[in-house]
Amino acid sequence: MGEQVIGCSGHTWEFYYSLFERNSLDNAGMKIIQTIHYGTNYQNTFWNGKQMVYGDGDGKIFASFTSDIDVIGHELTHGVQQFETNLEYKDESGALNESLADGFGIMIKQKVLNQDAGTSDWLIGENVLNWR
């Protein structure tokens, strides 16, 4: 699982570098630190301002939060936004923050899978939520 997270975060780094010439989240070569297996059955993932944190889910409603490249791209985009925007994470600006992270998360997935807007399924977290 650790290799999967490293690969997905690498795809996110490559997305921002190849399209925007951005050197990591802060555009100054910041190391991307990630904690996996956070807590016990922790049902979320988050950017805490310094690193990524991934829960394993409860196995009933949520699977591991490292299961989808778009989720990892979404969360790492919060890191990019921290360094590039003045969006306070509450109310309308918090909603805008989430919306931008969703958009970039799905674009990262599309780039890795070589999809365009017409071939993408547009599902974020498809493998995280046990909906099938």
- Message: Just to be sure I understand the filter: pairs with C-beta atoms under 9 Å, separated by 6 or more residues or on different chains, first member in region 16-40 and under 29 Å from A63 (Cα atoms), second member in a loop (DSSP other than H, G, I, E, B) and among the aromatic types (F, W, Y). Which pairs pass?
- Response: I36/F65; Y38/F65
- Taking region 51-67 and the residues there that are at pLDDT 90 or above and under 14 Å from the mean Cα position of the chain (by Cα), the one that is surrounded by the fewest Cβ atoms within 10 Å (Cβ to Cβ) would be Q51
- Item | Unmet requirement for A95, which otherwise passes all of (1) in contact (Cβ under 8 Å) with a residue 40 or more places away in the chain; (2) farther than 22 Å from W13 by Cβ | (1)
- Message: Which of the numbered conditions does I108 fail, given that it passes all the others? Conditions: (1) aliphatic (A, V, I, L, M); (2) surrounded by 17 or more Cβ atoms within 10 Å (Cβ to Cβ); (3) more than 16 Å from the chain's Cα centre (by Cα); (4) within 20 Å of W122 (Cβ to Cβ).
- Response: (3)
- Between a first residue in region 50-71 that is under 21 Å from L113 (Cα atoms) and a second residue that is in a strand (DSSP E or B), which pairs have beta carbons less than 7 Å apart while being 6 or more apart in sequence or on different chains? F65/T45; F65/Y54; F65/G55; T66/I36; T66/Y54; V71/T45
- Query: Of all the residues that make up region 101-132, how many are of a type in the set (S, T, N, Q), modelled with pLDDT under 90 and either over 22 Å from W47 (Cα atoms) or assigned to a helix (DSSP H, G or I) (or both)?
  - Reply: 1
- Message: So, G49, is that one of a type outside the set (A, V, I, L, M), at positive phi and in contact with a helix residue (DSSP H, G or I) (Cβ under 7 Å, 6 or more places away or on another chain) or not?
- Response: yes
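The values are calculated or read from the model by the stated rules, or taken from the named source; none is laboratory data. On a predicted model such as this, the values are computed, not experimentally measured, just so you know. Glycine also receives a Cβ, built like all others from the backbone with ideal geometry; neighbour counts cover every protein chain displayed.
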